[in-house]
């Protein structure tokens, strides 16, 4: 819901940061993979209940996620880059709830499972629509130039990270955050299915 609006704010500084990286030959894929490694470190920190360290690493992972796209726009978008970006993002998104489950299985395992289940709905509806949009030659611009179509919704990347930030700051509230955000994810999935029915019929 907020991604398109935030894109106008974050793209200019990301473009400035990406210029020296691209000029020195750093590839977008290297940033993507490096950011994924940082994201895994965040997951490990959360699992060990080092929540603030996990939050810092998660935010660094998100910075890399913005920088890889900015570098790719300078050096040229590629199918491999788009593939790695979305797959590794989704892995981190699902790994964070899993980390909270590991941190406190008794309190968090069931809410984490529900949230990951909800991510299957948002992720599959997102990717399936992107496939159909590619077949029809449809592009998306409000979220920046991408390698695949980005179908919006109530819960997008910005809202997901906001939920993770809240959980890291107040880990005892994770069950409630997971439940509420999971329900919002299902609203997103329902609206995406409705859009698909209308546009792909």
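The values are calculated or read from the model by the stated rules, or taken from the named source; none is laboratory data. Small disclaimer: the values here were computed from a predicted structure and weren't measured. Neighbour counts are summed over all protein chains in view; Cβ atoms, including those assigned to glycine, are modelled from backbone coordinates with ideal geometry.
Just one of the listed residues (128, 101, 107) is surrounded by fewer than 18 Cβ atoms within 10 Å (Cβ to Cβ) and either modelled with pLDDT of 95 or more or outside any helix (DSSP H, G or I) (or both), namely 107.
Here the condition is being within 30 Å of residue 45 (Cβ to Cβ) and modelled with pLDDT under 80; of 122, 155, it holds for 155 alone. Considering 200, 187, 148, the condition of being at pLDDT below 95 and crowded, with 18+ Cβ neighbours inside 10 Å is satisfied by 148 alone. When the criteria are applied in full, residue 61 fails the requirement of being under 14 Å from residue 73 (Cα atoms), surrounded by 16 or more Cβ atoms within 10 Å (Cβ to Cβ) and touching a helix residue (DSSP H, G or I) at 6+ places or on another chain (Cβ under 6 Å). Is there a residue in the stretch 165-182 that is part of a loop (DSSP other than H, G, I, E, B), in contact with a helix residue (DSSP H, G or I) (Cβ under 9 Å, 6 or more places away or on another chain), modelled with pLDDT of 75 or more and under 20 Å from residue 117 (Cα atoms)? No, there is no match, as no residue in the stretch 165-182 is part of a loop (DSSP other than H, G, I, E, B), in contact with a helix residue (DSSP H, G or I) (Cβ under 9 Å, 6 or more places away or on another chain), modelled with pLDDT of 75 or more and under 20 Å from residue 117 (Cα atoms).
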